[in-house]
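**Q** Have a look at this one before I ask anything.
The values are calculated or read from the model by the stated rules, or taken from the named source; none is laboratory data. Since we're looking at a predicted model, the values are computed, not measured. Neighbour counts are summed over all protein chains in view; Cβ atoms, including those assigned to glycine, are modelled from backbone coordinates with ideal geometry.
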C-alpha cells in the first residue's frame, strides 16, 4: 500500500529533522522521497512522527523468566507484544541467550506477536579459556565465535562476566582477570571484525579501553555508583564507546516480596531475575551529564510492562520537576529534547544492533513509523503521558495500531540474526564435547522460530 | 536393501536423550542404539521395561457400537468425537504430558473453544512444587549445569531407574561433567525412599523411612543443619542427611512422585524451605523428576499463556479459573484423553464411577491401553518424534525439535486436535 502521512512534525536525528513539518511517503514496506498517488492519507496534524522504537535490552525471553509469572510478576508473551506495539516499539532485543538456551529463547521470542526480535549470545569465556591465553590461536577463537553466533541465530555477542573465574578452586590456574580478558577481546575486535557488548561494572570502567568502538557498555547506569565512576563513564563515552543506561525498573516487583529467583546459566554467578530494588539516580545522573551521542535508553532488568515502565523514565529525562527528589540536588538541570528521546530509543539502538534500515525516516528505510499525539503547546512535564502510548504505528508499511487500537494483531514478524559464513574448527568441537545435547540439536533449527531474517 | 543411520531424540521420558542412533531399512525401524528399556517401548510396540511383552499398536479409528469397539473411517470417528465434546455440558481434556508442544498448544485452543477444563496428567505431582516455589523462591539450573557442577545429589521419593533410567548416566550421578570429570567419584549421592531400592547400590547414604515420616525427617534435618535447634530427630538418618547436605558446594534435590503421595503439599513446602535455607550459604536447586516426556512443555505453556502452572478451566462464567487441586471427575460429562492413560492411574472406584455414569471418553493414543479399551471413540495417532515432527521440552525446560523419520498414514496429535476444532 502507498501511504502519505501528512501534517506531522518529523523527528529524525539521523537526518537532522527536529520537529520539521513535512510529509512522509511510504511505498510498500519502505519510506520513499515522494509518491504520485497514495492509496491512503494519514493525517498527523498535532502529532509527532518518529521511527518505530527499538528496545536494545528488552529482557522478555530469558531462560527461566517465565517463572516470574508464578507471582503474577510478568505479562504473557501475547500481552508483551501488544504492550510494546502500544508503546510505539517495533523491535525488541533479548540480551541473554546462551549456547544451550538458544532454542528456548528463540521459541519464546517467536511467540511474542507484532514486534520483530533478536538476541545477544552470552559468551561463557570458560569455554575458551586456554585459547584466550595463547594469543596465536585467536583466529580459531574468532572463527568459533562467528560460527556460534550463526548457529545460535544471534545478532551480537554479550559478556556478563568479562573474565574467567571458576567456582571450583581446583581450576584456579585457568583463571583470566578482566584486564587480560579485555586485552584479548580488543585484539579479537581489531583483527577479526568483532564487537562485544559488556555488561558494565566498576571493574570494567576502571580499565583502559584502547579500542572504544569495539565495545558497547550495557547497563552503564548501574556501574556508576560514585562521582569517580561517573567521570570514568563519561570519559569512556567521550572516547567513542556506546552504552545503554540500564534504568532500574520503577515498577516494584511487590508480589515477589524479595524472594530469590535465580537462574544458573553456567557462569560464575547466577542471573538474578528479582534483584533488590536498585537506585535509579545513577542512570539518571549519567544520562543528564552526558552531552554526546553515545547513550541509548534501556532498562536494567526484566521488562514487566513497557506502558507503565517507560513513561516515568521519559518523564524524568524530559522534565526536571518530575525527577526523584531524594539526593537529586546534584542532578544536572539538562532536560531531554524530543530529538534526544528519539536518538536514545530509536536511532542509536538501530545503529548498535546493525539494523541499518531502522531508526530513521530517510528514503530507503523500512517503514516502521510511530505517531504520537503531542500538540506543540504541551509542556515537557506532560510529555510522558503522550509519549508512552502511540496513536498510530506502522510496521513495514502495515498499520498495526490506529487511533490507539490494535488493528492488525497478525502483523508479520521476524527474528533477526547475523550470518557469518565462518568455518567450524577444533575449538567448536571441544566446546560441544562437554554438552549433554548433540551439536545438531544444540543449534537452533528453523522450527523453533517463525520467520528468520539473516543479516550479513 | 538401503540402510540408513539417523540420530534420534528419545521420547521415553523427560530426559529426552538425544544420543540415540537408529538404523532404518525400507521405511522400517531396524535397530535403536543407546536406548534404555523405558525408551524402547516408544519405538517398538513393547511394554515399558518388558521388551518381550508386545503392546498393541492402534492403526484404525474405533467407535463403540453395541458395547464393542469397531473400526470406522477417520471422518466418522472425528465427527463422533466432536459431537461428544461439543454436546457436553462440562467437558474435560485430560493428560497431555506425553504429547508434543504443538499438540499441547492445539489442546489449549480446543479447551478454550469448548469451554473445557484442561487437566495435566501429573498435576498432583507438579502443583505442590509450584506452590513451594511461590513460597520460597527459586534457584533453577538446567541439567547442563547440574551435570557440570553438582557435587551433591539427593533423590527424594524418586527412583530414576524406573522413571527416567538414563538420567543417572547423562546428568546426575555417573555423568562426567566439565567440573565433575570423574563422574560418580566427584559426587556425593543420597536417597530418601520408603523402600530399599536399586539406588542403594551407588548411594553413599540411603535413608529408608516409613510412610508419613517425611515431615518428621525434614524437621530433623533442619534441626541439625548449622544454626538449627539440634533437638534429637524423631526419624533415623536425619543427622546424617543434615551432615551430607551441609558439605555441598553445589547441590541438587531431585524429587519424584514419591514425595507427593503423602501430604505432598506439606512435603514439597518443607523441601522448598530446606533448599532455600541451604541455598543461603551454598548453591542448591530443587528439581522435579518428570517421567513424562513433555510434562515440562505443558507447564511452560500454561505459565506463558495463563500465568499459572495449574489446570485451567474455561467453563466458568467470567473467564478462566485455574486450579491446583486435581480434578473431581464427578463434575464432568465427557472426557478427551491424550498423552496419558487415564484409566491406568485412576483409582478403581473413580474408574467404576465414570463407567457407571456412562461418561463418554474420547481417546487419542498410538497404542492400545486401558483408556482406549474403555473409550467411546478411539483415534490412533502417529508417534511423536518418530512418525511425526514435534517440539518437546526436556525436564529442565529446554526445547528440542523431534524429527519425523518414518512415514505413516496416521495423523499427528496436533492434526487431530485441529480437525476437532474445525469440526466443532
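**Q** Scanning for something assigned to a loop (DSSP other than H, G, I, E, B), away from chain B (no Cβ under 14 Å) and crowded, with 17+ Cβ neighbours inside 10 Å, does the range A:255-275 turn up at least one residue?
**A** No, the range A:255-275 contains no residue that is assigned to a loop (DSSP other than H, G, I, E, B), away from chain B (no Cβ under 14 Å) and crowded, with 17+ Cβ neighbours inside 10 Å.
**Q** Hey, can you tell me all the residues within the range B:258-277 that are in contact with a strand residue (DSSP E or B) (Cβ under 9 Å, 6 or more places away or on another chain) and either closer than 20 Å to residue B:168 by Cα or at pLDDT below 90 (or both)?
**A** Listed by number, the residues that qualify are B:258, B:259.
Yes/no matrix, rows are residues, columns are (1) assigned to a helix (DSSP H, G or I); (2) out of contact with any helix residue (DSSP H, G or I) (no Cβ under 8 Å at 6 or more places or on another chain); (3) closer than 30 Å to residue A:404 by Cα; (4) more than 14 Å from chain B (Cβ to nearest Cβ):
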| site | (1), (2), (3), (4) |
| --- | --- |
| A:228 | yes, yes, no, yes |
| A:234 | yes, no, no, yes |
| A:243 | no, no, no, yes |
| A:279 | no, yes, no, yes |
| A:286 | yes, no, no, yes |
| A:293 | no, no, no, yes |
| A:307 | yes, no, yes, yes |
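Condition check ((1) in contact (Cβ under 8 Å) with a residue 60 or more places away in the chain; (2) in a strand (DSSP E or B)) across all residues:
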| residue | (1), (2) |
| --- | --- |
| B:10 | yes, no |
| B:14 | yes, no |
| B:18 | yes, no |
| B:23 | no, yes |
| B:32 | no, yes |
| B:40 | no, no |
| B:60 | yes, no |
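**Q** Now, a different point. Return the pair list, or none, for Cβ contacts closer than 7 Å from residues in the range B:305-318 that are within 10 Å of another protein chain (Cβ to nearest Cβ) to residues that are assigned to a strand (DSSP E or B) and surrounded by 19 or more Cβ atoms within 10 Å (Cβ to Cβ), at least 6 apart or on different chains.
**A** Short answer, once both residue conditions are applied: B:306/B:312.
**Q** Sticking with this one: When the range A:92-143 is examined, which residues are found to be away from chain B (no Cβ under 14 Å) and part of a helix (DSSP H, G or I)?
**A** Listed by number, the residues that qualify are A:131, A:132, A:133, A:135, A:136, A:137, A:138, A:139, A:140, A:141, A:142, A:143.
**Q** Now a separate question. From the list A:411, A:415, pick out the single residue that is over 15 Å from residue A:152 (Cβ atoms) and surrounded by 19 or more Cβ atoms within 10 Å (Cβ to Cβ).
**A** Of the residues listed, the single one that is over 15 Å from residue A:152 (Cβ atoms) and surrounded by 19 or more Cβ atoms within 10 Å (Cβ to Cβ) is A:411.
**Q** Taking the condition of being more than 12 Å from chain A (Cβ to nearest Cβ), buried (at least 22 other Cβ atoms within 10 Å of the Cβ) and not in a helix (DSSP H, G or I), how many residues in the range B:252-278 meet it?
**A** So the answer is 4.
**Q** Restricting to the range B:141-185, count the residues that are buried (at least 24 other Cβ atoms within 10 Å of the Cβ), in contact with a strand residue (DSSP E or B) (Cβ under 6 Å, 6 or more places away or on another chain) and within 13 Å of another protein chain (Cβ to nearest Cβ).
**A** 4
Per-residue answers, yes or no, for (1) more than 19 Å from residue B:283 (Cα to Cα); (2) in contact with a helix residue (DSSP H, G or I) (Cβ under 6 Å, 6 or more places away or on another chain); (3) without any contact (Cβ under 8 Å) to a residue 60 or more places away in the chain:
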{"position": "B:111", "(1), (2), (3)": "yes, no, no"}
{"position": "B:123", "(1), (2), (3)": "yes, no, no"}
{"position": "B:144", "(1), (2), (3)": "no, no, no"}
{"position": "B:148", "(1), (2), (3)": "no, no, yes"}
{"position": "B:160", "(1), (2), (3)": "yes, yes, no"}
{"position": "B:181", "(1), (2), (3)": "yes, no, yes"}
{"position": "B:187", "(1), (2), (3)": "no, no, yes"}
{"position": "B:197", "(1), (2), (3)": "yes, no, yes"}
{"position": "B:206", "(1), (2), (3)": "yes, yes, yes"}
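**Q** Mind listing just one residue for me: the one in the range B:384-395 that is assigned to a loop (DSSP other than H, G, I, E, B) and within 14 Å of chain A (Cβ to nearest Cβ) and, of those, nearest to the chain's Cα centre (by Cα)?
**A** My answer is B:395.
**Q** What residue, among those in the range A:426-451 that are more than 14 Å from chain B (Cβ to nearest Cβ) and surrounded by fewer than 16 Cβ atoms within 10 Å (Cβ to Cβ), is nearest to residue A:140 (Cα to Cα)?
**A** Once the filter is applied, the top-ranked residue is A:426.
**Q** Then there is this: Given the range A:1-87, what strands (runs of 3 or more DSSP E) lie entirely inside it while holding 3 or more residues that are surrounded by fewer than 22 Cβ atoms within 10 Å (Cβ to Cβ)?
**A** Strands (runs of 3 or more DSSP E) meeting the threshold: A:2-6, A:17-21, A:40-43.
**Q** Same structure again: Which residue out of B:67, B:95, B:12, B:86 is in the same structural domain as residue B:356 (by TED's automatic domain parsing) and under 20 Å from the mean Cα position of the chain (by Cα)?
**A** B:95
Each row is one residue, and each column tells you yes or no for (1) within 26 Å of residue A:4 (Cα to Cα); (2) not in a helix (DSSP H, G or I).
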position	(1), (2)
A:332	no, yes
A:346	yes, no
A:352	no, no
A:386	yes, no
A:401	yes, yes
A:411	yes, yes
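**Q** Another question, then. Of the residues that make up the range A:171-184, is at least one part of a loop (DSSP other than H, G, I, E, B), away from chain B (no Cβ under 14 Å) and touching a helix residue (DSSP H, G or I) at 6+ places or on another chain (Cβ under 6 Å)?
**A** Looking for residues that are part of a loop (DSSP other than H, G, I, E, B), away from chain B (no Cβ under 14 Å) and touching a helix residue (DSSP H, G or I) at 6+ places or on another chain (Cβ under 6 Å), one finds none in the range A:171-184, hence no.
**Q** Another one. Is it the case, given these coordinates, that residue A:364 is assigned to a loop (DSSP other than H, G, I, E, B), modelled with pLDDT of 85 or more and buried (at least 18 other Cβ atoms within 10 Å of the Cβ)?
**A** no
**Q** Next question. With (1) under 17 Å from residue A:100 (Cα atoms); (2) in contact with a helix residue (DSSP H, G or I) (Cβ under 7 Å, 6 or more places away or on another chain); (3) surrounded by fewer than 21 Cβ atoms within 10 Å (Cβ to Cβ) as the list, and residue A:138 as the residue in question, which single condition is left unmet?
**A** Of the numbered conditions (1) under 17 Å from residue A:100 (Cα atoms); (2) in contact with a helix residue (DSSP H, G or I) (Cβ under 7 Å, 6 or more places away or on another chain); (3) surrounded by fewer than 21 Cβ atoms within 10 Å (Cβ to Cβ), the odd one out for residue A:138 is (1).
**Q** Ok, one more. In the range A:416-444, which residue that is assigned to a loop (DSSP other than H, G, I, E, B) and modelled with pLDDT of 90 or more is nearest to the chain's Cα centre (by Cα)?
**A** By that ranking, first place goes to A:419.
**Q** Of the residues that make up the range B:412-419, is at least one in contact with a strand residue (DSSP E or B) (Cβ under 6 Å, 6 or more places away or on another chain) and either farther than 25 Å from residue B:288 by Cβ or part of a strand (DSSP E or B) (or both)?
**A** yes
**Q** Would you be able to tell me the number of residues in the range B:381-401 that are in contact with a strand residue (DSSP E or B) (Cβ under 7 Å, 6 or more places away or on another chain) and either surrounded by fewer than 24 Cβ atoms within 10 Å (Cβ to Cβ) or within 19 Å of residue A:446 (Cα to Cα) (or both)?
**A** 12
**Q** Something else now. Are any residues in the range B:287-304 within 12 Å of another protein chain (Cβ to nearest Cβ) and within 18 Å of residue B:192 (Cβ to Cβ), and if so, which ones?
**A** B:287
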